[in-house]
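Chemist: The structure's right below; bear with me while I get my questions together.
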Amino acid sequence: MKYLDEFRDGAKAAILVAEIESLIATMDVPRDRPLHIMEVCGGHTHSIFRFGIEGMLPKQIELVHGPGCPVCVLPMGRVDDCVNIAERPEVIFATFGDAMRVPGSRKSLMQAKADGADVRMVYSPLDALAIARKNPAREVVFFGLGFETTMPSTALTILQAEGEQVANFSVFCNHITIVPTIKAILDSPDLKLDGFLGPGHVSMVIGTAPYEFIANFYRKPMVVAGFEPLDILQSIWMVLKQIKEGRADVENQYARVVPDKGNAAALYAVSRVYELREFFEWRGLGSIDHSGVKLRDEYAQFDAERKFAIPNLKIADPKSCQCGEVLKGVIKPWQCKVFGTACTPEMPLGALMVSSEGACAAYYQYGGVRQHAAAE
Amino acid sequence: MNVAPFIRSRPLGKVHVPTVTLSHGGGGKAMKDLIDDVFVDAFDNTALARLEDQARFDLAELAAHGDRLAFTTDSFVVDPLFFPGGDIGKLAVCGTINDLAVGGARPLYLSCAAIIEEGTMIDLLRQIAGSMARTAKDADVEIVTGDTKVVQRGACDKLFLTTTGIGVIRAGVILGAHLARPGDVVLVNGLLGDHGAAILCARGDMALETPIESDCAPLYGLIETLLGAAPGVRFLRDPTRGGLATVLNEIADASQVAIEIDEAATPVREEVKAFCEILGLDPLYLANEGKIVAIVPPDEAEAALAAMRAHPLGTRAGAIGRVDAGEAGRVTMRTVFGGQRIVDMLVGEQLPRIC
Amino acid sequence: MCLGIPGRIVKIDDAARLLATVDVSGVRRQVNIACIVDEEYPVSSCIGDWVLIHVGFAMSRIDEAEAAETLRILTELGEAQAELEAIHLSAAQSEGHAE
C-alpha cells in the first residue's frame, strides 16, 4: 500500500533505533529517571502497541500515553444522553463503531441496540445524512465525536444538509479541542514530561502554529508526528535531538500530510458551524475550559441538543477509577488498582479501557496483563 | 453404499406460491410440498428419498472407513444470506464438512435443519438448497435427513440453518490441540481474512466497494493430501469466528506452549489489508471459511507445504511461525517493523474505529 | 479521530457536490473533496491525486516530494551509519595488525 508500506520498513527502523541509541548514549539519562515523551493522540498509542515500538526503544526513554482518544474521554453523562435520544422510537441513531461500547450509567449504545433502539454504525457522517434522505419519516441523529480532525467532516455534512434542506437530520455534537487538553496536562502539578509527539491528523486541519505555546511558554519540544511506525520513531529521534541541544521548538515530521498553515477549507467550515463551549466535561480529567464546541444558533435546526430535551446530567466516574493519573503519566496502566480485575475491556470502568486505543485497553490487548504484573 | 436404488412411489410435491407462510410449517400437505420442492429435489439421494424420520446406515460399512466416528454440529445465521463467494447454504455445508475434516475424519453424511421466517421467498430457498446440493456433491457427501420449521415474521432473520455431520476417522490419525511441541511449525494454506472482510463489506454499512470474496470451501481433499504427506501433523483447525489469533491462543493454552508468528509471513490479500487499514480492523481476528491452521513437526514441514501448494486450495500455503518453550499460553508476533507484540484472544467484537 | 489512510482519487462522481471515488489498494469508497479543492486545484485536476482519507473526507493532498524527502533522510542516516561502522571496523583491524 503506497505511502503506508514504505513507512513500515524494518530496515529503516533499525537505522533509527541505532541513531536513537547512540544519541541517548551521549545524553547522560539516569536509569531510574528516564525521559518521558507523551504521545497525545490515541492513534499513536495504537500504532505504538500494534508495531511493538516501545520494546524497540532504549530503557532511558519512556512513552507516556496521552488522553487524545475522543471515545475514551466521553463522560458517562453524555453517553446516557445518546442512549436517551436513541431510545426514542422515531430516531435512527448513527454513530462511529468504537463509540458503541462506551458504558453509560445504565447501558452502552450497543446494549441499547440489543434492547431494540435503532442504532446504526456508520463510517462517515455523510452516510448518516444518506440514511436521513432515505428515511424521511424518521429523525436521524449523528453522534459527532472526535477532535479537530473530525470536526470539519461533521461541519461540512451539516452544510450539505442545509444546502439540500434536509429536515430530519441533526448532530449530537461532542467534538473536543486538543490544545486545552495539552495545556491541562502541562499545568498539572504531577507533570513529568520532557517532550511531546503531536497529533498528526489534528494538525492537518489546524496546522502547527497552535502548539507554539508548548515550546515558547512551557519550554518543551513538540514534534508533529505521522502514524506509521517510522514516523513515530523519527519523531522520537527529533524530540531527543531537541532535548540534547537544549532546544524547545515545534517541528513537523509529518510534512507530507500536514501543511504548516493547516487546511483553509476545513477551518472555514468549522468556524461557520461551531462556537466554543465555555467548558466541557472529560472522563478522567474533569471539566476543561473551552475544550468543546457546539453548533452556532444559525444551525440550531441541526442541533440534537436543541431538538431533543436531553437529561444532560453530570455523572461522576466510579471512585476506583484512576484514569486521570494514568493520563498524566503519574502511574502506568497496570499500576491502577483495578486494571485487569474490576476494569477490563469487556467491563470497562474508566475511559482508558473503553476504546481499543486507550492506553489501558492497548496494554491489555497487546502488552499482556501477565507480562507487566510479572515484571513488578 | 450397497443399497438398491430406491424407486420413489409418489411424485415430489411442488410449491406454487412465491413466499413461505405459516401453513408451510404446519406438518400437512403444504409442508410436504415445501420440503419436496426445496430440499428433497435438490439433495436427491437414496437415503433422503425414503423420507423416513431418520437416515440409516450399515455400521460395518461405516467401519470400513476407519475406527472412530466423528460427529459435529453448527448453526448458521449469517447476514446477508448471499455474499460474494457464497451463501448461507454453501457456508453451512462447508462449515460442517470442515469441522469433521480437521479432526482427521472423512465427512460422509450431513443433516440440514432449517428455521424459516414467514414471508421468505421460496425461490431464495431453492437457490440456497441448490447451492448446498452442489457443494455437497463436489465434496462427495450426502445430505440425508433434515427438519423444517416456519416461524412468525420477526422470530428469525429470514433463514437459520443447522447442519450436523458424521464422518469416520482412519486408524492411526491422532490430532489434538494439546499435542503441539516446542519446535513445531505453524502452517496455513493461504490468504487470511477474506471471509470476514467479504461479509462486513456485503452488509453495506461502511459503503465500501471491494472485489473481496469469501474463501468458503470444503477442505477434506486438501487435508487428506496434507495428512498423506505429513502423517505426524499434531493438530488442525479452521480459523472461523475469531480468526487466526483465536485458534493460536487455543493451541498455546491447550498445549501449554508459546507460539510466535511472523507478520511478514502471514499472508493477507492487499485488498483485505486496505479494508482493515481503512476501518481500523486487525486481519488476525477476521473469520476464514476455507483455511486451516496446521501444527506440524519440524521434519515434516517441508513435505506438508509442498503437498498443500500442489492442491488448488493451498497454492498460497506458507509457514507463519513456530511453537516455542516460552511463557505457556502466550502468542506473540514479530511485526513487519521489527518490534514484537502480543496477540491475545479477541475481547468482545472487533468494531471499526475512527482513532 | 486519527485514523486516516492514503488513497488515490480515481473518478469524479459529482463535481457540483464535490464527491469523488478514491481507491486504496483495490478498495473503493466515495469521499467528499471539499477540503482539497481550490483555485490552484480545481475538481477536474484531482484525478490521480493521492489524498489522506478520514471518515469519508479527503482532508489533505499528500506531498510526494515531502514523502520522498522523509525517506531520503533515513536512507542517508543509514549510509552514514554504515560508513561509521566501516571506519570503526578498519580501525579495529589495523590495531589488530599492529599488535
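Chemist: Pairs of alpha-carbon atoms within less than 8 angstrom and 6+ residues apart define the contacts here; what relative contact order does chain B have, in percent?
Modeler: So the answer I get is 20 percent.
Chemist: When the dipole is taken about the Cα centre of region B:190-281, and only Lys, Arg (+1) and Asp, Glu (-1) are charged at their Cβ, what size is it in debye, to the nearest 20?
Modeler: Its charge dipole is roughly 260 debye.
Chemist: If you don't mind, another one. Indicate, rounded to the nearest 5 percent, the antiparallel portion of the DSSP beta bridges found entirely in region C:5-62.
Modeler: 95
Chemist: On a C-alpha basis, how far is the centre of region B:52-68 from the centre of region B:176-221 in Å? Whole number, if you could?
Modeler: When both Cα centres are located, 32 Å separates them.
Chemist: Once phi is turned into ³J(HN,Hα) by the Karplus curve 6.51 cos²θ - 1.76 cosθ + 1.60 with θ = phi - 60°, what whole-Hz value does each residue of region A:31-43 show in order, with x for glycine and proline?
Modeler: Using θ = phi - 60°, the values come out as 4, 8, 9, x, 6, 10, 10, 9, 9, 6, 8, x, x Hz.
Chemist: Here's a follow-up. Using square roots of five times the C-alpha gyration tensor eigenvalues, list the equivalent-ellipsoid semi-axes of region B:73-159 in whole Å, biggest first.
Modeler: 23, 13, 12
Chemist: How large is the Kirkwood hydrodynamic radius of the protein assembly as shown, counting all unique pairs of alpha carbons, in Å?
Modeler: Its Kirkwood hydrodynamic radius stands at 29.2 Å.
Chemist: Find how much the distance from B:Ala207 to B:Asp262 grows on full extension, using 0.36 nm per residue of separation minus their present alpha carbon separation; answer in nm with one decimal.
Modeler: Between B:Ala207 and B:Asp262, full extension yields an extra 16.6 nm.
Chemist: Could you give the size of the charge dipole of region B:197-355 about its Cα centre, using +1 on the Cβ of each K and R and -1 on the Cβ of each D and E, expressed in debye and rounded to the nearest 20?
Modeler: 20
Chemist: Just add up the charged neighbours of B:Asp74: K/R +1, D/E -1, any other residue whose Cβ is under 12 Å from the Cβ of B:Asp74.
Modeler: -2
Chemist: Further question: Using helices alone, what [θ] at 222 nm do you get for chain A, with -39,500 (n - 2.57) per DSSP H run of 4 or more residues, divided over all residues and rounded to the nearest 500?
Modeler: Rounded to the nearest 500, it is -10000 deg cm²/dmol.
Chemist: From other protein chains only, count the Cβ atoms within 10 Å of every residue's Cβ in A:118-124, then give the mean.
Modeler: Per residue, the average neighbour count from other chains is 5.
Chemist: For chain A, just give the cysteines left without a disulfide-compatible partner, judged by no other Cys Cβ under 4.7 Å.
Modeler: Cys with no partner Cβ under 4.7 Å: A:Cys41, A:Cys82, A:Cys173, A:Cys321, A:Cys323, A:Cys336, A:Cys343, A:Cys360.
Chemist: Please report the antiparallel percentage of the DSSP beta bridges confined to chain B, to the nearest 5.
Modeler: Antiparallel bridges make up about 75 percent of those DSSP assigns within chain B.
Chemist: Would you list A:Met204, B:Met31 from fewest to most Cβ contacts within 10 Å?
Modeler: The fewest-first ordering by Cβ neighbours comes to B:Met31, A:Met204.
Chemist: Label C:Ala80 and A:Ala167 with points 7 Å out from Cα along Cα→Cβ: what is the distance between them in nm?
Modeler: The answer from the label model is 6.6 nm.
Chemist: Shielding of C:27-40 by partners, i.e. mean partner chain Cβ atoms within 10 Å per residue?
Modeler: Counting other chains' Cβ atoms within 10 Å and averaging over C:27-40 gives 6.
Chemist: A follow-up question, please. Please compute the length gained on full extension between B:Glu224 and B:Gln152, using 0.36 nm multiplied by the number of residues separating them and subtracting their Cα-Cα distance.
Modeler: Here the answer is 21.6 nm.
Chemist: Based on the Kirkwood radius over alpha-carbon pairs, what is the Stokes-Einstein translational diffusion coefficient of chain C at 10 °C with 1.306 mPa s viscosity, in µm²/s?
Modeler: Diffusion coefficient, whole number: 96 µm²/s.
Chemist: Then there's this: Taking every residue in A:251-263, how many Cβ atoms of other protein chains lie within 10 Å of its Cβ, on average?
Modeler: Across the residues of A:251-263, the mean count of other-chain Cβ atoms within 10 Å is 4.
Chemist: While we're looking at this one, here's another question. Given 0.36 nm per residue, what is the gain on full extension from A:Lys319 to A:Leu191 after removing their alpha carbon distance, in nm?
Modeler: Between A:Lys319 and A:Leu191, full extension yields an extra 43.9 nm.
Chemist: Could you check the simple spin-label distance between C:Glu40 and A:Glu212, using points 7 Å along Cα→Cβ, in nm with one decimal?
Modeler: 2.1
Chemist: Any idea how far the Cα center of region C:41-56 sits from the one of region B:268-290, in Å?
Modeler: 25
Chemist: Could you let me know the centre-to-centre spacing of region A:240-294 and region A:114-137, using Cα atoms, in angstrom?
Modeler: Rounded to whole Å, the Cα centres lie 30 Å apart.
Chemist: Right, something else. What does a probe at B:Arg241 reach in region B:67-102, counting residues whose amide N is under 11 Å from the point 7 Å along Cα→Cβ?
Modeler: Zone members listed by number: B:74-78.
Chemist: Continuing with this model, one more query. At q = 0.06, 0.14 Å⁻¹, work out log10 I(q)/I(0) for chain A with the Debye formula, treating every Cα as an identical point scatterer and leaving solvent out; two decimals please.
Modeler: -0.23, -1.22
Chemist: To the nearest 0.05, what FRET efficiency results for B:Asp138 and B:Val17 with a Förster distance of 41 Å applied to their C-beta separation?
Modeler: E(calc), rounded to 0.05, equals 0.85.
Chemist: I would also like to ask the following. In the protein assembly as shown, with Lys and Arg counted as +1 and Asp and Glu as -1 at Cβ, which of these residues, B:Leu59, C:Ala86, A:Gly324, has the Cα nearest the positive end of the dipole, that is, farthest along it?
Modeler: Result: B:Leu59, furthest along the dipole toward the positive end.
Chemist: Can you compute the modelled spin-label distance between A:Leu159 and C:Arg17, with each label point 7 Å from Cα toward Cβ, in nm?
Modeler: About 1.6 nm separates the two model spin labels.
Chemist: Rounded to the nearest 500 deg cm²/dmol, what is the calculated helix-only ellipticity per residue at 222 nm for chain B, with -39500 (n - 2.57) per DSSP H run of length n ≥ 4?
Modeler: My calculation for chain B gives -8000 deg cm²/dmol from helical runs alone.
Chemist: Given A:Ser188, A:Cys343, A:Leu233, which one lies farthest toward the positive end of the charge dipole of chain A, if we put +1 on the Cβ of every Lys and Arg and -1 on the Cβ of every Asp and Glu?
Modeler: Final value for the positive-end residue is A:Cys343.
Chemist: Restricting attention to the alpha-carbon atoms of region B:177-342, what are Rg (one decimal) and Dmax (integer), both in Å?
Modeler: Rg, Dmax (Cα atoms, Å): 15.5, 47.
Chemist: Can I ask one more? To the nearest 20 debye, what is the magnitude of the charge dipole of region B:156-222 about its Cα centre, counting +1 on the Cβ of each Lys and Arg and -1 on the Cβ of each Asp and Glu?
Modeler: About 380 debye.
Chemist: A follow-up question, please. Any chance you could give the angle, 0 to 90 degrees and rounded to 10, that helix C:64-98 forms with the longest Cα principal axis of chain C?
Modeler: Relative to chain C, helix C:64-98 is tipped by roughly 10 degrees.
Chemist: If Rh is defined by the Kirkwood formula over all Cα pairs and Rg also comes from Cα, what ratio Rg/Rh do you get for region C:5-62?
Modeler: Taking Rg over the Kirkwood Rh, I get 0.90.
We did not get these values from a lab; they are worked out from the coordinates using the rules stated. The structure displayed is predicted, hence computed values, not measured ones. FYI the Cβ positions are ideal-geometry reconstructions off the backbone, even for glycines, and counts take in every protein chain you see.
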